[in-house]
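Down below is the structure, laid out as C-alpha coordinates.
The values are calculated or read from the model by the stated rules, or taken from the named source; none is laboratory data. Being a predicted model, the structure only gives us computed values, none of them experimental. As a convention, Cβ positions derive from the backbone with ideal geometry for all residues, glycine included, and neighbour counts pool all protein chains shown.
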Amino acid sequence: MARLDGKVALITGAGTGIGRAQRARWRPEGAKVVVAEINAEAGEQTAQIVAQAGGDCIAIATDVTQEDSVRAAIDAAVRHYGGLHILHNNAGGSTPVDSTVVEVPIEEFWRAIRLDLFGTFLRCRFGIPAIIASGGGSVINMASNVALMGVAGRDCYTAAKGGIAALTRSMAVEFASQRVRVNAIAPSATMTDRVRGRLEAGNPRVTKLAAAHLVGLIEPEDIANMAVFLASEEARMITGHGVSGGQRGDDFVNGRALRSNTNPPTPNRGEHTLDNLPATSAPARTLGEFACGLTFEHIPAAVLERAKLLILDALGCGIASNAYGFSDAALAGATAFGGIGRCSVIGRGQPPAGPRRRARQWPC
(Lines give C-alpha, C1' and ligand atoms only; values in the text may rest on other atoms or scores of the structure.)
Protein backbone atom coordinates (compact mmCIF):
# COMPACT_ATOMS: atom_id res chain seq x y z
CA MET A 1 0.00 0.00 0.00
CA ALA A 2 1.38 3.41 -0.99
CA ARG A 3 1.87 6.02 1.72
CA LEU A 4 -0.81 8.40 0.45
CA ASP A 5 -3.45 6.01 -0.86
CA GLY A 6 -6.89 7.59 -0.77
CA LYS A 7 -5.53 11.06 0.03
CA VAL A 8 -6.28 14.21 -1.95
CA ALA A 9 -3.43 16.73 -2.22
CA LEU A 10 -3.68 20.28 -3.52
CA ILE A 11 -0.31 21.70 -4.60
CA THR A 12 0.02 25.35 -5.56
CA GLY A 13 2.67 26.52 -8.02
CA ALA A 14 3.12 22.98 -9.34
CA GLY A 15 3.54 23.98 -12.98
CA THR A 16 7.14 25.21 -12.86
CA GLY A 17 10.32 25.22 -10.77
CA ILE A 18 10.21 23.42 -7.43
CA GLY A 19 6.54 22.58 -7.89
CA ARG A 20 7.19 20.72 -11.14
CA ALA A 21 9.22 18.08 -9.28
CA GLN A 22 6.14 17.27 -7.22
CA ARG A 23 4.36 15.69 -10.18
CA ALA A 24 6.70 12.69 -10.30
CA ARG A 25 6.86 12.20 -6.55
CA TRP A 26 3.24 12.23 -5.45
CA ARG A 27 1.86 9.86 -8.11
CA PRO A 28 3.70 6.70 -6.93
CA GLU A 29 2.45 7.34 -3.39
CA GLY A 30 -1.18 7.01 -4.48
CA ALA A 31 -2.34 10.59 -3.90
CA LYS A 32 -4.97 12.25 -6.05
CA VAL A 33 -3.33 15.54 -7.01
CA VAL A 34 -4.84 18.93 -7.71
CA VAL A 35 -2.40 21.30 -9.46
CA ALA A 36 -3.32 24.90 -8.59
CA GLU A 37 -1.25 27.03 -10.94
CA ILE A 38 -1.56 30.63 -12.15
CA ASN A 39 -0.17 29.60 -15.54
CA ALA A 40 -3.09 27.52 -16.84
CA GLU A 41 -1.05 25.99 -19.68
CA ALA A 42 1.77 24.89 -17.38
CA GLY A 43 -0.74 23.45 -14.93
CA GLU A 44 -2.48 21.43 -17.64
CA GLN A 45 0.86 20.11 -18.90
CA THR A 46 1.72 18.92 -15.39
CA ALA A 47 -1.67 17.23 -15.00
CA GLN A 48 -1.29 15.49 -18.36
CA ILE A 49 2.17 14.18 -17.51
CA VAL A 50 0.88 12.75 -14.22
CA ALA A 51 -2.13 11.21 -15.92
CA GLN A 52 0.01 9.66 -18.68
CA ALA A 53 2.14 8.04 -15.96
CA GLY A 54 -0.95 6.45 -14.46
CA GLY A 55 -1.74 9.05 -11.82
CA ASP A 56 -4.98 10.82 -10.98
CA CYS A 57 -4.53 14.57 -11.40
CA ILE A 58 -6.47 17.67 -12.41
CA ALA A 59 -5.32 21.25 -12.95
CA ILE A 60 -7.11 24.39 -11.79
CA ALA A 61 -6.02 27.88 -12.85
CA THR A 62 -5.44 29.70 -9.55
CA ASP A 63 -4.13 33.09 -8.50
CA VAL A 64 -3.04 32.52 -4.92
CA THR A 65 -3.18 36.25 -4.13
CA GLN A 66 -6.91 36.47 -4.90
CA GLU A 67 -9.45 35.35 -2.31
CA ASP A 68 -12.13 34.24 -4.80
CA SER A 69 -9.63 32.29 -6.89
CA VAL A 70 -8.23 30.39 -3.90
CA ARG A 71 -11.71 29.62 -2.55
CA ALA A 72 -12.79 28.36 -5.97
CA ALA A 73 -9.73 26.08 -6.26
CA ILE A 74 -10.37 24.50 -2.86
CA ASP A 75 -14.06 24.05 -3.63
CA ALA A 76 -13.26 22.47 -7.01
CA ALA A 77 -10.82 20.01 -5.44
CA VAL A 78 -13.37 18.93 -2.83
CA ARG A 79 -16.15 18.70 -5.40
CA HIS A 80 -14.06 16.62 -7.82
CA TYR A 81 -12.43 14.22 -5.36
CA GLY A 82 -14.79 14.36 -2.39
CA GLY A 83 -12.39 15.87 0.12
CA LEU A 84 -8.98 17.39 0.86
CA HIS A 85 -6.28 15.92 3.10
CA ILE A 86 -3.05 17.62 2.06
CA LEU A 87 -2.36 21.28 1.28
CA HIS A 88 1.12 22.03 -0.06
CA ASN A 89 1.56 25.81 -0.25
CA ASN A 90 4.40 25.83 -2.73
CA ALA A 91 3.64 28.97 -4.76
CA GLY A 92 5.82 31.99 -3.99
CA GLY A 93 9.16 33.52 -4.85
CA SER A 94 11.53 36.46 -4.77
CA THR A 95 12.86 38.83 -7.43
CA PRO A 96 16.22 40.57 -8.09
CA VAL A 97 14.54 43.85 -7.13
CA ASP A 98 14.61 42.88 -3.45
CA SER A 99 17.08 44.89 -1.39
CA THR A 100 17.48 46.61 1.99
CA VAL A 101 14.64 48.41 3.77
CA VAL A 102 16.16 51.79 2.89
CA GLU A 103 16.69 51.03 -0.81
CA VAL A 104 14.02 48.62 -2.04
CA PRO A 105 10.96 50.00 -3.85
CA ILE A 106 7.89 49.93 -1.60
CA GLU A 107 5.93 48.01 -4.22
CA GLU A 108 8.44 45.13 -4.02
CA PHE A 109 7.72 44.77 -0.31
CA TRP A 110 3.99 44.48 -0.92
CA ARG A 111 4.57 42.09 -3.84
CA ALA A 112 6.52 39.71 -1.58
CA ILE A 113 4.05 40.00 1.28
CA ARG A 114 1.04 39.49 -0.97
CA LEU A 115 2.42 36.52 -2.90
CA ASP A 116 4.30 34.65 -0.17
CA LEU A 117 2.67 35.53 3.14
CA PHE A 118 -0.86 36.59 2.20
CA GLY A 119 -1.04 33.81 -0.40
CA THR A 120 -0.18 31.24 2.27
CA PHE A 121 -2.70 32.83 4.62
CA LEU A 122 -5.49 32.60 2.02
CA ARG A 123 -4.79 28.99 1.11
CA CYS A 124 -4.81 27.98 4.77
CA ARG A 125 -7.93 30.06 5.42
CA PHE A 126 -9.95 28.02 2.91
CA GLY A 127 -7.92 24.80 2.85
CA ILE A 128 -7.81 23.97 6.55
CA PRO A 129 -11.63 23.85 6.99
CA ALA A 130 -11.76 21.43 4.04
CA ILE A 131 -9.07 19.27 5.63
CA ILE A 132 -10.92 19.24 8.95
CA ALA A 133 -14.15 18.25 7.19
CA SER A 134 -12.23 15.38 5.55
CA GLY A 135 -11.08 14.00 8.90
CA GLY A 136 -7.74 15.76 9.24
CA GLY A 137 -4.47 15.91 7.36
CA SER A 138 -1.36 17.92 6.70
CA VAL A 139 -0.48 21.49 5.68
CA ILE A 140 3.00 21.97 4.24
CA ASN A 141 4.12 25.57 3.88
CA MET A 142 7.19 26.88 2.11
CA ALA A 143 9.35 29.09 4.30
CA SER A 144 13.04 29.73 3.54
CA ASN A 145 16.44 29.75 5.17
CA VAL A 146 16.10 33.54 5.32
CA ALA A 147 13.34 33.01 7.90
CA LEU A 148 15.86 31.28 10.18
CA MET A 149 18.94 33.47 9.84
CA GLY A 150 20.12 36.95 8.94
CA VAL A 151 20.71 37.52 5.20
CA ALA A 152 21.60 40.99 3.95
CA GLY A 153 19.88 42.59 1.00
CA ARG A 154 16.67 40.53 0.91
CA ASP A 155 14.48 42.32 3.43
CA CYS A 156 11.16 41.93 1.58
CA TYR A 157 11.49 38.18 1.03
CA THR A 158 12.84 37.76 4.55
CA ALA A 159 9.82 39.51 6.06
CA ALA A 160 7.38 37.41 4.03
CA LYS A 161 9.04 34.07 4.72
CA GLY A 162 9.59 34.93 8.38
CA GLY A 163 5.86 35.54 8.61
CA ILE A 164 5.18 32.11 7.10
CA ALA A 165 7.46 30.45 9.67
CA ALA A 166 5.64 32.19 12.53
CA LEU A 167 2.22 31.45 11.04
CA THR A 168 3.17 27.79 10.70
CA ARG A 169 3.87 27.54 14.42
CA SER A 170 0.68 29.30 15.51
CA MET A 171 -1.54 27.26 13.17
CA ALA A 172 0.06 24.04 14.37
CA VAL A 173 -1.06 24.86 17.91
CA GLU A 174 -4.49 26.12 16.86
CA PHE A 175 -5.55 23.14 14.75
CA ALA A 176 -3.78 20.18 16.37
CA SER A 177 -6.93 19.19 18.26
CA GLN A 178 -8.76 18.94 14.92
CA ARG A 179 -6.19 16.51 13.51
CA VAL A 180 -4.45 19.03 11.26
CA ARG A 181 -0.65 19.10 11.30
CA VAL A 182 1.14 22.21 10.00
CA ASN A 183 4.83 22.24 9.07
CA ALA A 184 7.13 24.23 6.80
CA ILE A 185 10.05 23.43 4.54
CA ALA A 186 12.76 26.10 4.69
CA PRO A 187 15.27 25.55 1.88
CA SER A 188 18.02 27.79 0.66
CA ALA A 189 18.71 28.23 -3.06
CA THR A 190 17.31 25.22 -4.92
CA MET A 191 18.64 23.85 -8.21
CA THR A 192 15.79 24.88 -10.45
CA ASP A 193 16.62 25.62 -14.09
CA ARG A 194 16.91 29.32 -13.22
CA VAL A 195 19.35 28.78 -10.34
CA ARG A 196 21.34 26.17 -12.26
CA GLY A 197 21.81 28.65 -15.10
CA ARG A 198 23.06 31.32 -12.70
CA LEU A 199 25.45 28.87 -11.06
CA GLU A 200 26.88 27.76 -14.39
CA ALA A 201 27.27 31.42 -15.39
CA GLY A 202 29.35 32.05 -12.24
CA ASN A 203 26.83 34.30 -10.48
CA PRO A 204 28.69 35.29 -7.27
CA ARG A 205 25.62 35.25 -5.05
CA VAL A 206 24.54 31.76 -6.10
CA THR A 207 28.13 30.50 -5.97
CA LYS A 208 28.41 31.72 -2.38
CA LEU A 209 25.15 30.00 -1.45
CA ALA A 210 26.36 26.74 -2.99
CA ALA A 211 29.58 26.93 -0.98
CA ALA A 212 27.62 27.49 2.22
CA HIS A 213 25.86 24.12 2.04
CA LEU A 214 27.22 21.09 3.83
CA VAL A 215 25.89 18.66 1.22
CA GLY A 216 25.46 20.86 -1.85
CA LEU A 217 22.50 22.81 -3.18
CA ILE A 218 19.08 21.23 -2.78
CA GLU A 219 17.39 19.67 -5.78
CA PRO A 220 13.64 20.18 -6.34
CA GLU A 221 13.20 16.44 -5.85
CA ASP A 222 14.60 16.77 -2.32
CA ILE A 223 11.82 19.19 -1.45
CA ALA A 224 9.24 16.89 -3.03
CA ASN A 225 10.53 13.99 -0.94
CA MET A 226 10.25 16.01 2.26
CA ALA A 227 6.76 17.20 1.35
CA VAL A 228 5.57 13.63 0.79
CA PHE A 229 7.07 12.57 4.12
CA LEU A 230 5.39 15.43 6.00
CA ALA A 231 2.10 14.55 4.32
CA SER A 232 2.32 10.88 5.25
CA GLU A 233 1.46 8.98 8.42
CA GLU A 234 5.18 8.54 9.02
CA ALA A 235 5.15 12.19 10.15
CA ARG A 236 1.96 11.88 12.20
CA MET A 237 3.69 13.18 15.34
CA ILE A 238 5.41 16.12 13.63
CA THR A 239 3.77 19.54 13.66
CA GLY A 240 4.88 23.14 14.06
CA HIS A 241 8.34 22.47 12.63
CA GLY A 242 10.44 24.14 9.96
CA VAL A 243 12.73 21.75 8.08
CA SER A 244 15.90 23.37 6.76
CA GLY A 245 18.35 21.83 4.36
CA GLY A 246 22.11 21.68 4.73
CA GLN A 247 22.99 25.30 5.47
CA ARG A 248 26.41 25.67 7.07
CA GLY A 249 26.57 26.05 10.80
CA ASP A 250 28.73 29.19 10.57
CA ASP A 251 25.74 31.10 9.20
CA PHE A 252 23.45 30.53 12.14
CA VAL A 253 23.29 28.74 15.45
CA ASN A 254 19.88 28.50 17.07
CA GLY A 255 18.62 31.33 14.87
CA ARG A 256 21.45 33.71 15.80
CA ALA A 257 23.40 35.41 13.04
CA LEU A 258 27.13 34.90 13.61
CA ARG A 259 30.25 36.12 11.88
CA SER A 260 31.93 33.22 10.12
CA ASN A 261 35.35 34.84 10.52
CA THR A 262 35.22 35.09 14.32
CA ASN A 263 38.51 34.03 15.88
CA PRO A 264 38.09 30.86 17.96
CA PRO A 265 38.46 31.31 21.71
CA THR A 266 41.50 30.00 23.49
CA PRO A 267 40.36 27.23 25.84
CA ASN A 268 41.71 27.00 29.35
CA ARG A 269 40.96 23.35 29.92
CA GLY A 270 43.85 22.79 32.31
CA GLU A 271 42.21 24.79 35.10
CA HIS A 272 38.54 24.20 34.36
CA THR A 273 37.54 20.61 33.73
CA LEU A 274 34.81 18.30 34.85
CA ASP A 275 37.32 16.49 37.05
CA ASN A 276 37.70 19.63 39.18
CA LEU A 277 34.09 19.33 40.33
CA PRO A 278 33.89 16.19 42.48
CA ALA A 279 30.23 16.84 43.35
CA THR A 280 29.12 16.41 39.75
CA SER A 281 26.74 13.48 39.31
CA ALA A 282 27.47 10.66 36.86
CA PRO A 283 24.60 11.60 34.49
CA ALA A 284 25.75 15.21 34.50
CA ARG A 285 29.29 14.15 33.71
CA THR A 286 28.06 12.06 30.78
CA LEU A 287 26.06 14.90 29.25
CA GLY A 288 28.72 17.47 29.96
CA GLU A 289 31.43 15.37 28.38
CA PHE A 290 29.19 14.75 25.38
CA ALA A 291 28.76 18.50 24.86
CA CYS A 292 32.46 19.20 25.35
CA GLY A 293 33.40 16.47 22.89
CA LEU A 294 31.23 17.53 19.95
CA THR A 295 33.18 17.72 16.71
CA PHE A 296 31.91 18.28 13.17
CA GLU A 297 33.73 18.73 9.89
CA HIS A 298 33.41 21.98 7.94
CA ILE A 299 32.21 24.01 10.95
CA PRO A 300 34.61 26.73 12.15
CA ALA A 301 35.90 26.24 15.68
CA ALA A 302 34.42 29.49 16.96
CA VAL A 303 30.94 28.54 15.86
CA LEU A 304 31.26 25.03 17.25
CA GLU A 305 32.31 26.42 20.62
CA ARG A 306 29.24 28.66 20.64
CA ALA A 307 27.03 25.70 19.79
CA LYS A 308 28.55 23.72 22.65
CA LEU A 309 27.92 26.60 24.99
CA LEU A 310 24.25 26.62 24.04
CA ILE A 311 24.02 22.93 24.88
CA LEU A 312 25.76 23.38 28.19
CA ASP A 313 23.66 26.41 28.99
CA ALA A 314 20.53 24.34 28.38
CA LEU A 315 21.87 21.65 30.69
CA GLY A 316 22.39 24.20 33.42
CA CYS A 317 19.09 26.06 33.03
CA GLY A 318 16.73 23.32 32.00
CA ILE A 319 17.82 19.99 33.36
CA ALA A 320 19.30 21.43 36.55
CA SER A 321 15.86 22.64 37.59
CA ASN A 322 15.07 18.99 38.40
CA ALA A 323 18.53 17.61 39.03
CA TYR A 324 20.93 20.19 40.41
CA GLY A 325 23.99 18.13 39.66
CA PHE A 326 23.70 18.99 35.98
CA SER A 327 24.56 22.62 36.68
CA ASP A 328 28.07 21.60 37.67
CA ALA A 329 28.62 19.98 34.29
CA ALA A 330 27.28 23.05 32.53
CA LEU A 331 29.50 25.42 34.54
CA ALA A 332 32.59 23.27 34.09
CA GLY A 333 32.16 22.76 30.38
CA ALA A 334 31.25 26.35 29.60
CA THR A 335 34.14 27.66 31.66
CA ALA A 336 36.48 25.31 29.80
CA PHE A 337 35.71 27.08 26.54
CA GLY A 338 37.45 30.17 27.84
CA GLY A 339 35.92 33.64 27.97
CA ILE A 340 33.31 33.50 25.22
CA GLY A 341 30.40 34.96 27.14
CA ARG A 342 28.26 34.11 30.15
CA CYS A 343 26.19 31.05 30.84
CA SER A 344 23.11 30.83 33.06
CA VAL A 345 23.12 27.90 35.46
CA ILE A 346 20.98 27.16 38.47
CA GLY A 347 22.83 26.68 41.70
CA ARG A 348 25.49 24.11 42.51
CA GLY A 349 25.40 20.90 44.45
CA GLN A 350 22.25 19.79 46.24
CA PRO A 351 19.05 21.87 46.31
CA PRO A 352 18.41 23.67 49.59
CA ALA A 353 15.35 23.23 51.75
CA GLY A 354 12.55 25.67 50.98
CA PRO A 355 11.85 27.60 47.77
CA ARG A 356 13.86 26.90 44.64
CA ARG A 357 16.86 29.15 44.15
CA ARG A 358 16.87 31.82 41.50
CA ALA A 359 19.10 31.52 38.44
CA ARG A 360 22.55 33.08 38.81
CA GLN A 361 24.98 34.30 36.21
CA TRP A 362 28.29 32.49 36.28
CA PRO A 363 31.19 34.01 34.33
CA CYS A 364 32.74 31.67 31.83
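Values for this structure:
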read-out: Filter result for residue 63 (over 25 Å from residue 190 (Cα atoms) and at pLDDT 95 or above); value: no
read-out: Residues being of a type in the set (A, V, I, L, M, F, W, C) and surrounded by 17 or more Cβ atoms within 10 Å (Cβ to Cβ) - total across segment 36-60; value: 9
read-out: Cross-chain or 6+ apart pairs with Cβ under 7 Å, segment 28-43 first and under 17 Å from residue 123 (Cα atoms), then at pLDDT 90 or above and assigned to a loop (DSSP other than H, G, I, E, B); value: 36/62; 37/62; 38/62; 38/63
read-out: Given (1) aliphatic (A, V, I, L, M); (2) modelled with pLDDT of 95 or more; (3) crowded, with 17+ Cβ neighbours inside 10 Å, number of the condition residue 106 does not satisfy; value: (3)
read-out: Hey, residue 64 assigned by TED's automatic domain parsing to the domain that holds residue 126, assigned to a loop (DSSP other than H, G, I, E, B), of a type in the set (A, V, I, L, M, F, W, C) and surrounded by fewer than 19 Cβ atoms within 10 Å (Cβ to Cβ) or not; value: no
read-out: Search result, residues across segment 178-198 that are modelled with pLDDT of 95 or more and part of a helix (DSSP H, G or I); value: 178
read-out: Filter pass, residue 99 being under 25 Å from residue 145 (Cα atoms) and surrounded by fewer than 17 Cβ atoms within 10 Å (Cβ to Cβ); value: yes
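Rundown of residues vs (1) in contact (Cβ under 8 Å) with a residue 24 or more places away in the chain; (2) out of contact with any Gly (no Cβ under 8 Å at 6 or more places or on another chain); (3) not assigned by TED's automatic domain parsing to the domain that holds residue 14, yes/no style:
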residue	(1), (2), (3)
82	yes, yes, no
87	yes, no, no
92	yes, no, no
130	yes, no, no
146	no, no, no
